[in-house]
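Here's the structure we're looking at; comments come further down.
The values are calculated or read from the model by the stated rules, or taken from the named source; none is laboratory data. Note that the structure is a prediction, hence the values are computed from the model and not measured. Ideal geometry is used to build each Cβ from the backbone, glycine not excepted, and the neighbour counts take in all protein chains shown.
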Amino acid sequence: MTNLTSTHKTALLTALGLSFGLSSSLFYSPSIEAAGLLKPHNANYTDLQIKEHHVNVVIEDMYATTTIEQTFHNPNSNDLEAIYSFPVPEKAAVGEFSYWIDGKPVTGEVVEKQQARQIYEQQKAQGNETALVEKDKYKTFDISVFPVKANQDVKIKLVYLQNTQTDTGIGRYVYPLEDGGVDVEKHSFWSRNETVEEAFTFNVKLRTSYPVDGLRMPQHPNAQLQQVAPYEWQAALINQTATQVHNRIDHTISPDLETPDTNTPTHLDLNDETDTKTLNQPTTLTQLNKDILLYWRQAEGLPASVDMISYKEANNSKGTFKLTLTPGTDLPLVTQGRDWVFVLDISGSMQGKFSSLVEGVRQGLGQLPPQDRFKVVLFNNQAQNFTQGYQPADKQTIKRVMTQLDNVQPGNGTNLYAGLKNGIDQLDSDRSTAIILVTDGVANVGETEKSKFLNLLEKRDARLFTFIMGNSANRPLLEEMTRVSNGFAMSISNADDIMGQLMLAKGKMSHAAMRDVSLKVSGVRSKEIVKPRLVNTLYHGQQLTVFGHYYQPGEAEITLTGTVNGKEKSYKTRFMLPEQSTQHPELERLWAYAAIEELQAKIDYLGTDKDAEQAITDTAIEYGLVTDYTSMIVVRDEVFKALNIQRNNQQRVEKEQKARELRAQQPVTAQQNRVDQQQPMFIDSSSAQPNQSQQRASVSPSRSGSGGGAISPWLVILMAASIALVQLSRSHSNRSKDV
């Protein structure tokens, strides 16, 4: 963090984060900070202001491009430096940042982190315009901007990419605006202004070649949702003055995602007297204190499939491809007895959430059959076996335990290792066991080395189901813990559509899974295949996405193998890798991000590795990505030239922008990226037609009229868990992890 001086006082501007914020006071936590402009608590200048905050998202071909433009205003009489900080969006690759100099955007270039900071400080000391984007591990992206001139505005733009997937036919996009509140030192130093003074917009364009039968934004009743073409949808939020008019619109497209009434007005009518009157009312300020969540649901009856997009320039010998495998519904149901271990975070950051957590435990335990057992472990600075071992899941025992749990008061730090170890201790080898870990924080007390957590789990025959709460949770640690136990990780936001998350989790735990997953691409010169580390196991409704390079166009064969209930299964098909394909230059960055994740996981597990760190640095600089070892610097063009920094990222950005413009002009067609139509990979053996694809898993539309957001995230987590451990059950005669 730059030191404050009497000449240039520092303001920290925090915005963005990908999760959901519930409006009900039941879920309010005083420890959760919202996005906003920050300044030191003891500073005596007026807060910098967020004048405008505009977000545009395009979700197409199974990845999302998020563009944020913000305008800040300095009402003070002296120039200031600003630090704009926001939680790292899940799986986000930041590759474009622009800072307006002399009224024109200047695109940043990626260099080594130390070098970028040195350039920034030198330029600032000389009074020159400069900006810097740095990554603070898994926690935040921090953007420093100098100067924000006295009584003037400054404008910035940030673009990041994310791979997207559907889960049991449900797509989910989160734009995070809640800081997780786990960085105690940071929040004790800074105060914040989270208000957008003038204009706020949030727009999503969803372009998908598989039909969608509804959209949902559970926490934003004023959202405008509409279908604009057979395979294209739009969602929009605007500031509250305008949304007073949009209250007339059926924002959810019905609670069960039905298509809206076509007679419902979907735009402001400036000729309408009511609309004009509303527009002339004083602006109601927008608060950046809730994550924004969009769900979309695919139509039922869609085929299991393999979809592929690629990028290869004619003059380049290397191409990049992305394969998305959507298996069918041939994973069988499993029903056997089980033990449940609930490992629950009661650290200080859980204040305000704990009553919801307790209610979730109550409802979850109430769903267990009498033959099941349960144990509750609580942890903050230390861990305690709250139930003193396993207890029978009968009504009287559950009532007694819950009465005691109601009296627990959260507080202190987070000794995650002690909680996990206590939960794993004394497993019964004759019983199937699942550990349900629920935490919203970061291990900051006791053992914190990642390798220690992984070694603990690798020695035990139990699966860890991790529910990750909040934007600042240590996702790399929690996801890797889940991977080594062949479990399942799910990120949960305060604003999630809880019943929907319940349905997704239930399917994964009530069906057998495919274990020891292996994928091979052959027939062409392909290499550097990157498969997500978590996917050693494929669960019901889960997709598998892989990225790779190829050096020889032509026909390739893909083979997916794994075991289900101890028996090997294999699927295969063939597809073409093209000589030239220029629609998706962003694939190069997405491949690089996936490769960097693999290298970073190696470092986290095995310890410092200079070769791996250098490989991350080289890859990030080549593909223009902000990482733990690289940053993005913006200076004037003549300074880039003087510093001998090539404008490679600027060229890449221009190429990507042009490709997006061309794609936007082209209509989406049915299953346009599917490559296994002639030879379906997931064959339906029960079909009367040979080579008929299985259907992909889907969530049937609910006709109960239930809406989203009225139930605690903890309730869905624990209800899902309690319905679910079926999938983890193993019989006495078969203790294999293939079950």
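Quick look at the values:
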| read-out | value |
| --- | --- |
| Any helices (runs of 4 or more DSSP H) falling wholly within the range 339-447 and containing at least 2 residues that are surrounded by 24 or more Cβ atoms within 10 Å (Cβ to Cβ) and either in contact with a helix residue (DSSP H, G or I) (Cβ under 7 Å, 6 or more places away or on another chain) or of a type in the set (A, V, I, L, M, F, W, C) (or both) | 354-365, 416-424 |
| Inter-residue pairs, beta-carbon under 7 Å, first at negative phi and in the range 59-83, second small (Gly, Ala, Ser) and surrounded by fewer than 21 Cβ atoms within 10 Å (Cβ to Cβ), 6+ apart | Asn74/Ala150; Asn76/Ala150; Ser77/Ala150; Asn78/Ala150; Asp79/Ala150 |
| Options Glu198, Glu185, Glu178; residue that is farther than 30 Å from Val668 by Cβ, at pLDDT 85 or above and among the acidic types (Asp, Glu) | Glu198 |
| Every pair of residues 6+ apart whose Cβ atoms lie under 6 Å, when the first sits in the range 409-424 and is within 13 Å of Ile436 (Cα to Cα) while the second is crowded, with 21+ Cβ neighbours inside 10 Å and at pLDDT 90 or above | Gly419/Val343; Gly419/Val377; Gly419/Phe379; Gly419/Ala383; Asn422/Val377; Asn422/Ala383; Gly423/Val343; Gly423/Val377 |
| Residues satisfying the stated conditions in the range 485-522, i.e. at pLDDT 80 or above and surrounded by fewer than 20 Cβ atoms within 10 Å (Cβ to Cβ) | Arg515, Asp516, Val517, Ser518, Leu519, Lys520, Val521, Ser522 |
| Hits in the range 646-655 (condition: surrounded by fewer than 18 Cβ atoms within 10 Å (Cβ to Cβ) and farther than 18 Å from Lys104 by Cβ) | Gln646, Asn648, Lys655 |
| Filter result (basic (Lys, Arg) and either touching a residue at least 40 places away in the same chain (Cβ under 8 Å) or in a loop (DSSP other than H, G, I, E, B) (or both)) within the range 640-654 | Arg647, Arg652 |
| Residue match in the range 260-281 (condition: at pLDDT 50 or above and crowded, with 19+ Cβ neighbours inside 10 Å) | no |
| Scan of the range 139-153 for residues that are over 29 Å from the mean Cα position of the chain (by Cα) and assigned to a strand (DSSP E or B), ordered by number | Phe146, Pro147, Val148, Asp153 |
| The lone exception for Arg703 - which of (1) modelled with pLDDT of 90 or more; (2) over 30 Å from Val133 (Cα atoms); (3) over 25 Å from the mean Cα position of the chain (by Cα) it fails | (1) |
| Hits in the range 665-690 (condition: under 30 Å from Leu625 (Cβ atoms) and touching a residue at least 60 places away in the same chain (Cβ under 8 Å)) | Val668, Gln672, Asn673, Arg674, Val675 |
| Test: residue in the range 222-233 that is over 28 Å from Gln672 (Cβ atoms) and either buried (at least 21 other Cβ atoms within 10 Å of the Cβ) or not charged (D, E, K, R) (or both) | yes |
| Residue in the range 656-698 that is nearest to Gly95 (Cα to Cα), counting only those that are buried (at least 18 other Cβ atoms within 10 Å of the Cβ) and of a type in the set (Ser, Thr, Tyr) | Ser698 |
| Which listed residue is within 21 Å of Thr545 (Cα to Cα), of a type in the set (Val, Ile, Thr) and at pLDDT below 95, from Ile603, Ile596 | Ile596 |
| Hits in the range 622-639 - residues which are assigned to a helix (DSSP H, G or I) and either buried (at least 20 other Cβ atoms within 10 Å of the Cβ) or among the hydroxyl-bearing types (Ser, Thr, Tyr) (or both) | Tyr623 |
| Meets criteria (under 24 Å from the mean Cα position of the chain (by Cα), without any contact (Cβ under 8 Å) to a residue 60 or more places away in the chain and either farther than 21 Å from Val111 by Cα or assigned to a helix (DSSP H, G or I) (or both)) for Leu587 | no |
